[in-house]
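The values are calculated or read from the model by the stated rules, or taken from the named source; none is laboratory data. Just so it is clear, the structure is predicted and the values come from calculations on it, not from any experiment. Neighbour counts run over all protein chains shown; Cβ positions are idealised from the backbone, glycine included.
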Ligand code: DP6
């Protein structure tokens, strides 16, 4: 009745933004990502017959019963309990080995690790696609962290969401890329990705036109990955990112995740590319910039990004493995 699993965060190269069903957490469109190694969430789930409610411990601190984070975990554990033949409460202990301030989606690695640990501890053995669909219920991006390397999240068309899961495209060994996360000084309080995407799809005239481009972008990005065509992948990734942010900015009121350093980084990356460096950027629901390059360009990219005043940290990651069990009994 106990299992420990770990999972890595992932960065979308074709973005997920918008839901077609909020209860089942079904996306409006698909997405495509790279799972990052070197950063991970480890989660232990223990079903206990001596506790009268679920307990959640995040980075050594017990979460308050009424908090949003506690509620999110408990709702997810309940989904797993519904599928299993026991009704014990769970003690969930989870820890990230990367700073949450890095703006790396800890909900992606978090719900991927929780899906695997909670089902294994309950004696459920799911196929990867079922595990991915389950992880999606916790957070859309978590569906992709079940796999290592490059993964495609499928939009699916069923109302019950059973065909809305991620599938692998190429393993982490396929392409020796690096992702440098340029952490920029935090601005105002962030709008969560869930809140940002809902406001965008409800009020932005640019949302549907952008969402209509996603399927084509996934085909183009998949071809670029298979051919290891860095320039082609960078083109589609920047286009997807800027289109997503443009649609968010056109919401009412506008959802703006960038700060001045974010914009400075965008221009710096483009200038470095004009100067011959192989490099592209992507940005999620926050002000930090994720810069991709082939492994051999890493030191040049680091020195370019390190010169920017508003950058407080550079975190380097490489393609990583999928979610895995550490221990179970
Ligand atoms: C901008 O997966 O955090 O990072 O499903 O509401 O939990 P929920 O959203 P989440 O959204 C991620 C948005 C993004 C793009 C991406 O990762 O594809």
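Taking the stated definitions as given, is residue 45 more than 15 Å from the chain's Cα centre (by Cα) and assigned by the TED database to the domain that holds residue 123?
Yes; evaluated as a whole, the condition is true for this residue.
Among the listed residues 35, 43, 22, identify the single one that is within 12 Å of the ligand (Cβ to nearest atom) and in contact with a strand residue (DSSP E or B) (Cβ under 6 Å, 6 or more places away or on another chain).
Residue meeting the stated conditions: 35.
Can you pull out every residue in segment 1-19 that is near the ligand (Cβ under 9 Å from one of its atoms) and not in a strand (DSSP E or B)?
Passing the criteria: 15, 16, 17.
Hey, could you check segment 60-71 for residues that are in contact with a strand residue (DSSP E or B) (Cβ under 9 Å, 6 or more places away or on another chain) and surrounded by 13 or more Cβ atoms within 10 Å (Cβ to Cβ) and say which is farthest from residue 282 (Cα to Cα)?
Within segment 60-71, the match that is farthest from residue 282 (Cα to Cα) is 63.
Could you list, in sequence order, the residues of segment 110-147 that are more than 13 Å from the ligand (Cβ to nearest atom), over 25 Å from residue 46 (Cβ atoms) and surrounded by 24 or more Cβ atoms within 10 Å (Cβ to Cβ)?
Once the filter is applied, which keeps residues that are more than 13 Å from the ligand (Cβ to nearest atom), over 25 Å from residue 46 (Cβ atoms) and surrounded by 24 or more Cβ atoms within 10 Å (Cβ to Cβ), segment 110-147 yields only 147.
What is the number of the single condition among (1) within 16 Å of the ligand (Cβ to nearest atom); (2) surrounded by fewer than 19 Cβ atoms within 10 Å (Cβ to Cβ); (3) assigned to a loop (DSSP other than H, G, I, E, B) that residue 52 does not meet?
(1)
Out of (1) farther than 22 Å from residue 290 by Cα; (2) surrounded by fewer than 21 Cβ atoms within 10 Å (Cβ to Cβ); (3) in contact (Cβ under 8 Å) with a residue 24 or more places away in the chain, the odd one out for residue 175 is which?
For residue 175, the exception is condition (1).
Listed residues 277, 198, 242; which is within 25 Å of residue 303 (Cα to Cα), within 16 Å of the ligand (Cβ to nearest atom) and either touching a strand residue (DSSP E or B) at 6+ places or on another chain (Cβ under 7 Å) or in the same structural domain as residue 288 (by the TED database) (or both)?
That would be 242, the only listed residue that is within 25 Å of residue 303 (Cα to Cα), within 16 Å of the ligand (Cβ to nearest atom) and either touching a strand residue (DSSP E or B) at 6+ places or on another chain (Cβ under 7 Å) or in the same structural domain as residue 288 (by the TED database) (or both).
Is there a residue being within 20 Å of the chain's Cα centre (by Cα), in the same structural domain as residue 43 (by the TED database), under 18 Å from residue 24 (Cα atoms) and at pLDDT 95 or above anywhere in segment 96-107?
Within segment 96-107, not a single residue is within 20 Å of the chain's Cα centre (by Cα), in the same structural domain as residue 43 (by the TED database), under 18 Å from residue 24 (Cα atoms) and at pLDDT 95 or above.
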